[in-house]
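I have placed the structure first, in the form of structure tokens, so that the comments after it can refer back to it.
Read-outs throughout are calculated quantities, based only on the coordinates presented, and are distinct from any laboratory measurement. Please read all numbers here as calculations on a predicted model, not as lab measurements. All Cβ positions, glycine included, derive from the backbone under ideal geometry; neighbour counts span all protein chains shown.
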Amino acid sequence: MIEFDNAIQIIETGGLRIAIWGDNRAEPDASLDHSLKNVDVLILPIESILTRVEVDAIVGKYDPKIVIPAHYFLNGLTTDVSGLESADGWVSDQEKIHHADVRRLDSAGLTLNAAELKGCHHRVYYFGNHFEKN
């Protein structure tokens, strides 16, 4: 098993608490639980650093309103030697198996509004292969 030491960033803005998981292990130190249990948005590396089972366990434990897959293979950007995989399978499983409210985005941008997310539970925003390259 690979063990990573990395930082989990928590951003509070516009009435939302957003956690960026980074390349962290699946089970961070228990001292972080109090900070992660109240996040509205959780951005997780899907199908790369974390397995599907690990991601599902994290989502179940911290119960964010929104999950945004990150750090996955992007056609036209990522090279095959990266070792990254597409997040398509995980996203489809969330929709079919877990009955998540999956929103497949048609651009590389997303604006979140705290008021619109009230009562939201297990929603997935997925950028798919949309990215901006400068």
Thr13 being under 23 Å from Asn134 (Cα atoms) and more than 12 Å from the chain's Cα centre (by Cα):
no
Here the residues within region 83-111 that are out of contact with any strand residue (DSSP E or B) (no Cβ under 6 Å at 6 or more places or on another chain) and closer than 18 Å to Asp63 by Cα are Asp93, Ile97, His98, His99
